[in-house]
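Encoded as structure tokens, the structure appears first; notes follow it.
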Amino acid sequence: MTRMKKNEKPGRVGGIGARLVAVASAAAMFLAVAVSGTAIAATTESPSSSTSQTQTTQSDQKTSDANSTSASDATKSSTPAQTETSKSGKSTTDAAISDSKVVSKDKQAAATPAPASVAAAPQARAAASQAGCTYASESLLQPVCWIDMESFGQNQSSGTTRDMTIDLGGGYTLSFTAKYTSGGGSQTLSATAAPISWSTGDGGHAAFGQELYAGIAGKGKPVLYTSQMKQGSGTVALSNIRLTKNGADASNVKYSLVMADGESTAEHESMTYTSDVAINGFAQSAGYGMCDVSGEGTREVTCVGKNQDSGDNGQVQGIRLFKTDNPSSVSVKLQGNQEGVVFGVLTASADTEIRSNGVANGDAGSFTATVTTEDKASESVTQTGAGSSNSQVIQMLSEQDSAKGVTFTLTGADPSKYTVTFACTNGSQQCTSASAAQYNESTKTWTATAKVNALGSAHGKWVVSPKLGAPEHHKRIKSNNDGTYTLNLDVVGNSTESTQTVTTPLDISLVLDVSGSMDDQFSNSDSTHKISALKNAANAFIDATAKANESLPAGAEKNQIALVKFAGDENDNVGDDTYRDGRYTYNYSQIVSKLTDNLSGLKTSVNALNPGGATRADYGLAKAQESLTEANGARADAKKVVIFFTDGKPTANSEFEDDVANNAILKAGALKNDDTTVYSIGVFSGADPSDTSTNTNAYMNAVSSNYPYATTYETLGARAENADYYKAASNASDLNKIFSDIQQEIVTGSSYTNVAITDTLSKYVKQHNIVTEGKADANGFKHVKSGVKLNVKDSSGKTVTLDSSKYTILFNEAGHGTVKVQFASGYKLEKGYTYTLAYDVELTQTAYDEYVDESKGYNATGDKDTDIAGNTTSSDQSGFHSNDSATVTYTANGRTDTELYPHPVVQAKSGNIKVTKNWKPAESAPADGNASVTVDLYKGESATGNPFKSLTIKKGEDGQWAGTFEKLAPGTYYLQEAPVNGYTASYKDQTVTIKAADLWTDNDTVKTYGATVTNTRNTVDLAEGKIPVNKTLAGRDWKNNDSFSFTIKAADDSAKNTPLPDPTTVTIDNKSTAVTGQDKTKTANFGKITYNATGDYKYVVTETKGDIKGLHYSQASYTVTVKVEANDDGSLKTPTVTITPTASDDGTAITDGKSVDAAAFTNAYVAVSQLPLTGGTTGRAWLVASGVLLAMAGASYAVWRKRQMA
């Protein structure tokens, strides 16, 4: 226990800071030593005759216990029961430190009278009581099961004896007789919970139950605790200790009885442990002030406290644990003001743990782990959801030097949904013969096995992590409203990884050559003494070991070093001894210091060494083997290492001796066969690990683990692969790398590695402003210089800059183009980080063409959630896929998979061409409301091939002639009107170019281009003179006043569209032109007639009857046919004229008339004087005259016809 000085205020040793320091320090344990010594038999004190009393029954004993407790409460005595309520002001279940002033144990002793109910005489032995033992929940040495001493009772006086039996499971029981003997006075002994309640806040401290073996509170009363002894003493003895199995003797089964101070061993306190077999240090609460130990390895060990808690050195006082194997009797003498003792059983043990890192989608996430021993004992634990659970511990007792098998199973972890790892540890080391976990599909069970040595442990830990499955990934798009789109392809990092560190401690033996030759210089050119180089190298290694110990995780066992020297004769003592031979002093070959993790003193021991003697390397290696035995503190599962420093001259005298060298090699071989790694350090000039031709270097190689099967320095055998165990002193610092091998990180779970995002574009888009550089790789990819970015954000949305060495952006222009980002091999996507590949694309002509094609158009619908925030053009919208395929490839859960991205879509836009139709003259426009014209649209710059589209234009309700070509893709178009009879077309913007960029200038309307077609009426003139009229007078000459009129009119009066000359009459008079060669025939022509349409136009030409006396006017008539035809370009050809007679001058119809050159009319003249006078001429005379006239007219016609027919 710990006391405070008078009037000293309580220290803050129970504070959280100190507690954390203590917990961290508790990782350095296991300082075990064994030295043979004189056996001291443990004695059991018997009550004297003056104090003996009649034995009472067990019920009487219970009554006495109850009365004692009641009296204690009434008087507030300083028994443990009273301590639980009065020292801290709180019950034992209250872990908080009382705010009230706490009285130290020294002050309390002065203030509290001895309990009145305590009898001075010893109590009678009660019948055997059944007890159990309990494990701490937080403990470096979990296999210790602390015996619950509650049945020993409360306030038991000197001489109280209890027969107790502990059920260890598996049919094993440990029985003993417990007896308390006071060293004088009335102090009593009580079973008490741990940690004791005064242990925080009052200047005292109990390491047991807190930093060492935490979590015992509420698990019985393992501490046998004295009342105030006032610097007195008391003894607790266990005798007749016997291990049985199912009632039969089991003394051949290995276990250890553990003894320790039940609180802490401080100033003015001591604990003396005795046993009928040797006692060895088992562990100590490292980082505390420790009691001084004497007698380790003997049958009596004393531990004397030096300082009080937070006393002169400011340290909290700790405790040491001691063990004795299979004893028959033990005793512990407690010396001090108030003390307690605990007993525990150390056996082989096994337990199992589940740690779940989460639940896979669609799974219940309930896992059950079971540990089963060869004896069919088993414990199970179930963990549901994320978290950890640990089973109860199974104790296993096995015979010395034997190992028991343990089977660990796990159910509920489907390997298709979870990754499962298994690690078996023995303390902080790996288990012996632990197998890898295997899954049985038929039983749906994971199974692993291990071996547990006597006093060893097997903690089987299952780590279950949900498989990652496919990473979260999205492909989204945004329209830039200019014909380009921004594409984002992302992948979100995730991880189920966790790391468990398993540490394998080292037991190292430094074997140092202290022969006389070590006092020599290295060489003539190097005045350094070999012994100095040896000390420097050895001390540097000790420092490196101490540094490695400091870096070990909390709870890991420390690396230990033993010190061995060799020179002359062997000595079994531990120390730095010499002997005299003649006038010379020689070093013994012996163990200088046993294995220890208290390395500060080792350097002092190294520096104290002085050279002298032979170089019996064989003795040194034999002592190295001895230093690594359990008796000297070696640990069964520690990795053993020997570091052999020498000048390379094995000899019993002064020169290299084959026998000594080869014996040393055989001793080293025995170490190597026992899985000990042997390094040899050459402390001499010429040390060359690559040389095996010289004796010294071959010898140094043979000793080391470079040659595991060497038998002599001339018979090395095969060299180990990549072996590097022989070193020169100058590079002995390379030894530090052995510490990198003692920690193994077991990584469970998975992350996404080897990730690549690949986007292969569709025919509807192409890259926009991507610039590459360098040569293409074998797959056609080039590095992207600009135009593509990788954006990274952490889980909070904060932008993160990813080093460019972690990824590469590539582009392949083949096909429609492929964009890719390849993350560096081994790079793990950070959990919660979003990695986004971003770049722009633009629509191809194919997209525009298929969009306007009525037989094609959009062919896809955008997948859900494919819009970048704020965009609405893709999700569930019609369009074209932006990519043929997009994938994310990754490695997780030990395999490589590929996932497809969803498909966004893009949309195209089109343009219109509005055609306006003009007529010239305007009145020439067709009046028919059903009239229409056709305009054809060709792709390109001319009317080549078939038209792309045709447009029918009619007069609209607004009186305008117009129509629109709609949904046109970007390109050049040519307009051509189908010919309109009688018109010639002219154009404004007959060639129209639609540009893609122009279509996006106004996102809400369709871009419309304009074109105008003007139809100008086509005409052709029938020239004047093409319809001639001839006039002949018969019977007289032309007179000046002669005038004859001729008319042309449409053959059909209803033919309104037949044009006529203006005027429609012509006049022939004496002044008219005479027909050549015909003096009495004159001619005239109708004027110009203008035609605006093709057709056969018919006219009738006749003479208008005049009133000239004596003339008989012609009744002839002619049909004039004018034929108008069109050229290929729609223009009208020159009309042709046909004149055909239809009636003669006398009006006789002509049915077979042939065409003539002119319409000829003859008027016959009959003079009046030649006619009979009225009344004076007879009828006969008129008949004669008429006949004459007719004859003349006939003759005249005959002449004319003859001329016409000529």
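Taken together, the values in this text are just the output of simple stated rules run on the coordinates, not laboratory data. All of these numbers come straight from a predicted model, not from anything done at the bench. Positions of Cβ are generated from backbone atoms using ideal geometry, with glycine treated the same way; all protein chains shown enter the neighbour counts.
Here are some notes:
- Reachable aspartates and glutamates from LYS1039, criterion Cα separation under 15 angstrom, eight or more residues apart if same chain: ASP1069, ASP1079, ASP1107
- The modelled label-to-label distance between THR1138 and PHE656, using points 7 Å beyond Cα along the C-beta direction, is 14.1 nm.
- Taking amide H atoms as placed 1.01 Å from N in the peptide plane, the amide H of CYS431 lies under 5 Å from those of CYS424, THR425, ASN426, each 5 or more residues away in sequence or on another chain.
- Within the stretch 371-428: Cβ-based charge dipole about Cα centre, in debye rounded to nearest 20 (Lys, Arg +1; Asp, Glu -1): 260
- Here's how it looks for THR504: its modeled amide H is under 5 Å from those of GLN743, GLN744, which are all 5 or more places away or on a different chain.
- Three-way shape label, the stretch 983-1087, alpha-carbon gyration tensor, a/c 1.5: prolate
- As a calculated quantity, the FRET efficiency between ALA778 and ASN673 at R0 = 35 Å, using C-beta atoms, amounts to about 0.10.
- Each residue of the stretch 773-788 was assigned a 3J(HN,Hα) from its phi angle through the Karplus expression (A = 6.51, B = -1.76, C = 1.60, θ = phi - 60°), giving 8, x, 8, 6, 7, 4, 9, x, 8, 10, 5, 8, 8, 7, x, 9 Hz with x at Gly and Pro.
- FRET efficiency for GLN392 and SER366, using Cβ-Cβ distance with R0 set to 25 Å, rounded to 0.05: 0.85
- With the simple spin-label model, which puts each label point 7 Å out from Cα in the Cβ direction, the SER523 to ASN769 separation comes to 7.0 nm.
- Cβ-placed point charges (K, R +1; D, E -1), dipole of the stretch 446-549 about Cα centre in debye, nearest 20: 680
- Distance-filtered residues of the stretch 586-619 - backbone nitrogen under 15 Å, label point 7 angstrom along GLU550 Cα→Cβ: 598-601
- Residues whose placed amide H lies under 5 Å from that of SER589, excluding near-sequence neighbours: ALA567, GLY568, ASP569, GLU570, ASN571
- For the stretch 1077-1153, alpha-carbon Rg and Dmax in angstrom: 16.6, 56
- Peptide packing: for 246-258, 1029-1041, 510-522, the average count of neighbouring Cβ atoms within 10 Å per residue gives the ranking 510-522, 1029-1041, 246-258, highest mean first.
- Contour minus Cα-Cα distance for LYS785 and GLU497 (0.36 nm per residue): 100.2 nm
- Extended-chain gain in nm, criterion 0.36 nm per residue less alpha-carbon gap, ALA636 and GLU714: 24.7 nm
- Coarse-grained scattering of the stretch 559-611 at q = 0.25 Å⁻¹, given as base-10 log I(q)/I(0) from a Debye sum over alpha-carbon atoms: -0.95
- Net charge over other residues, Cβ less than 14 angstrom from the Cβ of LYS1031 (K, R count +1; D, E count -1): 0
- Karplus-derived 3J(HN,Hα) values for the stretch 1139-1148, using 6.51 cos²θ - 1.76 cosθ + 1.60 with θ = phi - 60°, are 10, 10, x, 10, 8, 7, 4, 8, x, 5 Hz; glycine and proline are entered as x.
- Net charge of neighbours whose Cβ lies under 14 Å from the Cβ of ASP1096, counting Lys and Arg as +1 and Asp and Glu as -1: +1
- Binning all Cα-Cα separations of the stretch 506-748 at 5 Å, short to long from zero, yields these whole-percent fractions: 1, 7, 15, 20, 21, 17, 11, 5, 2, 1, 0, 0, 0, 0.
- Over the stretch 910-1016, the ratio between the Cα radius of gyration and 2.2 N^0.38 Å evaluates to 1.10.
- Cα gyration tensor, the stretch 435-514 - rounded (a/c under 1.5), prolate or oblate: oblate
- Efficiency of FRET between ALA997 and THR896 - r from beta-carbon atoms, R0 51 angstrom, step 0.05: 0.70
- Stretching the chain fully between LYS988 and ASN754 yields a gain of 78.0 nm (0.36 nm per residue, less the alpha carbon separation).
- Phi-based couplings in Hz for the stretch 596-607 (Karplus 6.51, -1.76, 1.60; Gly and Pro marked x): 8, 9, 8, 8, 5, x, 5, 4, 4, 5, 5, 5
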